[in-house]
1. Taking K and R as +1 and D and E as -1, what net charge do the other residues with C-beta under 9 Å from the C-beta of THR164 add up to?
2. Taking N as the number of residues in the stretch 240-391, what is its alpha-carbon radius of gyration divided by 2.2 N^0.38 Å?
3. Per residue of the chain, what 222 nm ellipticity follows from adding -39500 (n - 2.57) for every DSSP H run with n ≥ 4, rounded to the nearest 500?
4. For an R0 of 45 angstrom, estimate the FRET efficiency from the Cβ-Cβ distance between GLU76 and ALA250 and round to the nearest 0.05.
5. Charges on Cβ only, +1 for Lys and Arg, -1 for Asp and Glu, centred on the Cα centroid of the chain; of HIS310, ALA356, SER204, which one is farthest towards the dipole's positive end?
6. Antiparallel versus total DSSP beta bridges in the chain: what percent is that, nearest 5?
7. Rounded to the nearest 20 debye, what is the charge dipole size of the chain about its Cα centre when +1 sits on each Lys and Arg Cβ and -1 on each Asp and Glu Cβ?
8. If you plug each phi of the stretch 131-138 into the Karplus form 6.51 cos²θ - 1.76 cosθ + 1.60 with θ = phi - 60°, what whole-Hz ³J(HN,Hα) values come out, in order, with x for Gly and Pro?
Amino acid sequence: MEELEQLRRRLDATDREILERLRERLELSGAVGQLKARTGTAQVPFLRDPEREAALLERIAGWSRELGLDPFRVGEIFREVIAMSLKVQEETLLHRAAQERAVHNASRVSYQGTDGAYSHIAARKYFTGREAMEYEGFPTFAQALREAEIGETGYAFLPIENTTAGSINETYDLLRHTELSIVGEEVLEVRHCLLGLEERDPASLSRVLSHPQALAQCSRYLRALEGVPAVAFTDTAEAARKVKEDGDPAQAAIASEEAGVLYGLRVLARGIADQEENWTRFVVVSAIDIVPDPRIPAKTSLVLTTPHRHGALAHCLEVLAEHGLNLTKLESRPVPRHPWEYLFYVDFEGSLAEDAAARAIAALRRECPYLKVLGSYPSRTTALGQVDRRG
């Protein structure tokens, strides 16, 4: 046992050294961000340098092979390191700290759910690097947004679309009626796990709890558990907590592995979603005004209605094209209480701080009976904004 303890102490020391080196790398990235902030956009037109990132990952793969490590796994780790480094540089360019010090409760974030929910995990990911952030869960999206509207929190964190389930209409409806703006976005890979109190055959369970959307996303796996009913619950993490509180080993929940760790549950099965690629996009909503630096890949979101004439929508899209703006999303939703009339939700690459986007919006306002800018914000889902996570 003494030999085992010695090995564990060496592992702890090694882990500490890895973290110290990671901190050093992030400090260097921050220094690069400060240099970019002092340098004009003509010299440094973009925050990201995809060619440098690709070359770095290639070098990492070579070093991994030399050291007898798995290049694929090491590559995954370094993609996360690159994402953390970009976040540090982005924060430097946005000059957020001075703005946020003047805003009451800017360090508090509201979200729907409880500790360990996917919204909670995504919010912590987005605010990585910010000190003393507080996260508070609420039963509904509307309540989470309301907290930001009345100033009790600086930010509300809301899911807006999923690669499996599609758009989350409730969030779009809330954004249309709030005075707050989208100031950021985050994407999170959703990895559903079956969680229970103790190791057991999933087929012997009495029931499985989870949010209806999670149950739908794992429908194939659940159908294979013949005779085990799936029970809808308010939230994935709440379902995990319920399993823990009830103390019934025949009961299980579908939630994140993080929720399992938080509530002391065992993972009975991993990767149980119908589709292997399952990502959720979240938006960060706030009263804090943030204008993206031109070097940060940005996105602008709008909601509009078109005139009642032939080709009106096509003409509005031509306005964006004429100003060199790349459309990334177009979705229609019925106008409440107005049959056969539609709202169009539009995302395009670019920030209102740029002349092309500002001119396009001005032109659209002249054409559209109704237009609301939901926000201009740093992008995580455009070609330049996202960090490549493929192996």
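1. -2
2. Compared with the compact-globule rule of thumb, the stretch 240-391 sits at 1.44.
3. Counting only the DSSP helices, I get -13000 deg cm²/dmol.
4. Computed FRET efficiency for GLU76 and ALA250: 0.80.
5. HIS310
6. 75 percent
7. Approximately 680 debye in magnitude.
8. Each residue's phi maps through the Karplus curve to give 7, 6, 6, 10, 10, 10, x, 9 Hz.
We did not get these values from a lab; they are worked out from the coordinates using the rules stated. Everything numeric in this text was worked out from a predicted model, so none of it was measured. Because the Cβ atoms are built from the backbone with ideal geometry, glycine has one as well, and the counts that use them run over all protein chains shown.
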